[in-house]
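Just passing along the structure, written as structure tokens.
Rule-based calculations on the coordinates, nothing more; no lab input. In this text the structure is predicted, and so the values were computed from the model without any measurement. Glycine also receives a Cβ, built like all others from the backbone with ideal geometry; neighbour counts cover every protein chain displayed.
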Amino acid sequence: MKYNNVYRCNVTGATSNHELPLGVGQVPKECESNPADCVKGPKQPIYVWQKTGNNVEKQPGKKYPTYTMEYGFADGAQTDLFTAGKKRMTFEE
């Protein structure tokens with residue numbers, strides 16, 4: 001499995017020029033015991049065991065963080081990146 005691969009795409013054959021905003025990634029959190037607590041929408045990569053910059057901490061007695069449903073990552077492509085919300089990620093060329 002490959003995760004966190006970012007691609008720039010040129011969409012062709014679109015039937016609308018409606019733009020979908022790319023949502024801002026939120027920090028994933030452990031939600032195995034209660035799937036309703038899973039972060040919905042785009043998620044940041046998991047950073048753990050770094051000297052600085054961790055966004056997820058290993059909890060005592062729990063398994064280490066993984067890119068699985070235990071942290072809200074469904075198998076396959078992250079299809080919930082585009083949002084209708086107000087937050088929007090922008091890119092500089």
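Could you tell me the calculated FRET efficiency between Ser16 and Leu81, based on Cβ-Cβ distance and R0 = 22 angstrom, to the nearest 0.05?
0.75
How do Asp80, Asp37, Asp75 rank when sorted from fewest to most other Cβ atoms within 10 Å of their own Cβ?
Working: Asp80 14, Asp37 11, Asp75 8.
Exposure proxy ranking, most exposed first: Asp75, Asp37, Asp80.
On to the next question. Taking the Cβ-Cβ separation of Thr66 and Cys9 as r and a Förster radius of 25 Å, what is the calculated FRET efficiency to the nearest 0.05?
Efficiency computed from Cβ-Cβ geometry: 0.40.
Okay, moving on. Report the local net charge at Gln59: Lys and Arg +1, Asp and Glu -1, summed over other residues whose C-beta lies under 15 Å from its C-beta.
Working: positive: Lys29, Lys58, Lys62, Lys63; negative: Glu30, Glu32, Asp37, Glu57, Glu70.
Result for the local shell: -1.
In vacuum, with every alpha carbon of the range 17-64 counted as one equal point scatterer, what does the Debye formula give for log10 I(q)/I(0) at q = 0.24, 0.33 Å⁻¹? Two decimals, please.
Taken in order of the listed q values, log10 I(q)/I(0) reads -0.99, -1.24.
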